[in-house]
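In what follows, a structure is listed as structure tokens, so that the remarks can point back to it.
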Amino acid sequence: MFAKRARLAVAVTAFTSLLAACGSVGGPNETAGTVIGGVLGGAVGSQIGGGTGRTVATVIGALVGANIGANVGRSMDVNDRYRTAQAFETSRTGQPTTWVNPDTRNEYTVTPTRTFESRGAPCREFTMRAIVGGQPDNVYGTACRQADGSWQIVN
């Protein structure tokens, strides 16, 4: 039993290292997407099975979620990031903002779901539905306005 857990721990560490390496190359959007997707995928996976099966499902969920999140983050260009920040800045809670990127034909819908203050700055929890290359993905996260007026995804 200890040997199985040790092998699982080594596998998790290896996969985590690979994901971290991939995220650092792709830039801040891909990294943020990877982190958000990994956390959400792990949370979903942790609800499946029991014992060792739950651990495996958590790891698999985290890997799948990280990959989906990275794909969404990687697909966003400067215009898409601008439109996302504009939605965080001006959309009412619950009001979706949708656009289609004219160059990539990717479609995004950002919906702020909760607004709150953290350390004196506004933050928005949000959902994003992205259709990238014809494949729909959903991303959930929180973004906070920085001192320079930009929005940064914090989880």
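Within the stretch 67-84, is there a residue that is in contact with a Pro (Cβ under 9 Å, 6 or more places away or on another chain), open to solvent by less than 20 Å² (accessible area, probe 1.4 Å) and modelled with pLDDT of 95 or more?
Checked against the condition, which is being in contact with a Pro (Cβ under 9 Å, 6 or more places away or on another chain), open to solvent by less than 20 Å² (accessible area, probe 1.4 Å) and modelled with pLDDT of 95 or more, the stretch 67-84 yields no hits at all.
Of the residues that sit in the stretch 102-151 and are among the β-branched types (V, I, T) and under 17 Å from E89 (Cβ atoms), which one is surrounded by the fewest Cβ atoms within 10 Å (Cβ to Cβ)? Talk me through it step by step, then tell me what you get.
Step one: of the stretch 102-151, the residues among the β-branched types (V, I, T) are 104, 109-111, 113, 115, 127, 131-132, 139, 142.
Right, trim to under 17 Å from E89 (Cβ atoms) and you get 109-111, 113, 115, 127, 142.
Values: T109: 15, V110: 25, T111: 19, T113: 12, T115: 14, T127: 14, T142: 17.
Step by step, filter the stretch 102-151, then rank; the result is T113.
The values are calculated or read from the model by the stated rules, or taken from the named source; none is laboratory data. Note that the coordinates shown come from a computational prediction; the quantities given were computed from them, not determined experimentally. FYI the Cβ positions are ideal-geometry reconstructions off the backbone, even for glycines, and counts take in every protein chain you see. Ligands, DNA and RNA are stripped out before the accessible areas are found, and what is left, the full protein with its side chains, is counted by its heavy atoms. Shrake-Rupley method; radii C 1.70, N 1.55, O 1.52, S 1.80 Å.
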